[in-house]
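For reference, the structure discussed in these notes is given below.
The values are calculated or read from the model by the stated rules, or taken from the named source; none is laboratory data. Remember, it's a predicted structure, so these values are computed and weren't measured experimentally. Note that each Cβ is placed from the backbone with ideal geometry, even for glycine, and that neighbours are counted across all protein chains shown. Heavy atoms of the whole protein, side chains included, go into the accessibility calculation; ligands, DNA and RNA do not. Shrake-Rupley method; radii C 1.70, N 1.55, O 1.52, S 1.80 Å.
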Amino acid sequence: MAEPMVNYAVKDGVATITLNRPAVLNALDLALSVELAEAAETAAKDDAVWVVAVRGAGRAFSSGMDRKALSAGGIGEAFYRNWVRALNALEDMDKLSVAVLHGYSIGGGLQLAVACDVRLASEDAIIGLGATQHGLIPDGSILRLARLVGLGRAKELTLLNDHVAPPAALAMGLVNWVVPAARLDATLGTIVAKALGSSRTATGHAKRLLHASFHTDPRAMIEDVMRAQAACMTSWEIGEANRAWDEKREARFFPPPPGPGR
């Protein structure tokens, strides 16, 4: 049986999606796009998953588009449709998605990372785009990047295709943390612990409203915000948060208690 292009595993509330073409630095092709979309959508639908970590096997996160497949005509609309499905699922899911960058994290690799909520990079990460050098637009980041780093920086990254050192990426808001490679897993564990210490109900609504705020007049969203806050106020999590406050302890949201309505 052939090795999967994407490995998917769930443990203790964390789904880990790992690009698994290490021999070609996790370059993206049609088969990988299918499995990536399926993994992201599976994680999005799984109530047992609270955090999703996206990683790359071997020496790189991802070197981007498989240029051999592109040159041979193996990249077409089917690839791009799967790609959009995967990135939208990571962006829209009601749980935290974390991209963990190391080694080459360029082209589609960076586009994938930009679709996640936050980005953790090792000091050895090589970060950049490059699509326009190959006659393409960076479709995974073209509608997202300016929201992270501003229009001027987004144009620089997209049109000039320079690689960005991790400290510079951190300074411009392209990544959220930069750590030595040896501390990558420990730092991811700290991020996961923070996410597990937050209400899933509140996290889902907060993500959705933050995204919507880029498209809508904030005053037009007030009733939506009120409905979201009402959902939080009637959730089992608010009860746990209040008990924890009264008992002078940290709230425990994960694992959630069993039973209808928690």
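A few points about this structure:
- Placing R0 at 45 angstrom, the Cβ-Cβ distance between residue 242 and residue 168 gives a FRET efficiency of 0.55 after rounding to 0.05.
- Mean ellipticity per residue at 222 nm, deg cm²/dmol - from DSSP H runs of n ≥ 4 across the chain, formula -39500 (n - 2.57): -12500 deg cm²/dmol
- Per-residue SASA entry for residue 188, accessible area with 1.4 Å probe, Å² rounded to 10: 20 Å²
- Linear extension gain, residue 45 paired with residue 190, 0.36 nm per residue minus alpha-carbon span: 49.8 nm
- Computed from point charges on the beta carbon alone (+1 for Lys and Arg, -1 for Asp and Glu), the dipole magnitude for segment 6-149 about its Cα centre is near 340 Debye.
- Using heavy atoms of the protein chains and a probe of 1.4 Å, the accessible area assigned to residue 34 is about 50 Å².
- Rolling a 1.4 Å probe over the protein chains gives residue 102 an accessible area of about 40 Å².
- Spatial separation of Cα centroids for segment 133-195 and segment 32-66, in angstrom: 17 Å
- Annotation: peptides 174-181, 124-131, ranked by per-residue average of other Cβ atoms within 10 Å with the highest first, follow the order 124-131, 174-181.
- Restriction of the GluC sites (Glu not before Pro) in segment 177-262 to DSSP coil positions whose beta-carbon has at most 10 other beta-carbons within 10 angstrom yields 247, 250.
- Selected from 81, 200, 227 as most flexible by GNM, with the chain as the system and alpha-carbon contacts under 10 Å: 227
- Placing unit charges on the Cβ atoms only, positive for Lys and Arg and negative for Asp and Glu, gives the chain a dipole magnitude near 280 debye about its Cα centre.
- The value of relative contact order for the chain, using C-alpha pairs under 8 Å at least six residues apart, is 15 percent.
- When the P(r) is computed for segment 1-116, the part past 20 Å accounts for 34% of the Cα-Cα pairs.
- Above-threshold pairs, the threshold being 20 Å between Cα atoms, out of 68/155; 45/95; 11/207; 95/248: 68/155; 11/207; 95/248
- Sequence-separation-based contact order of segment 24-110, relative, with Cα cut under 8 Å and 6+ spacing, percent: 48 percent
- Heavy-atom accessible area order for 253, 214, largest first, 1.4 Å probe: 214, 253
- Here the label points at residue 217 and residue 72, each 7 Å from Cα along the C-beta direction, are separated by 5.4 nm in the simple model.
- Note that the chain presents 51 Å² accessible area per residue, ligands and nucleic acids not counted, probe 1.4 Å.
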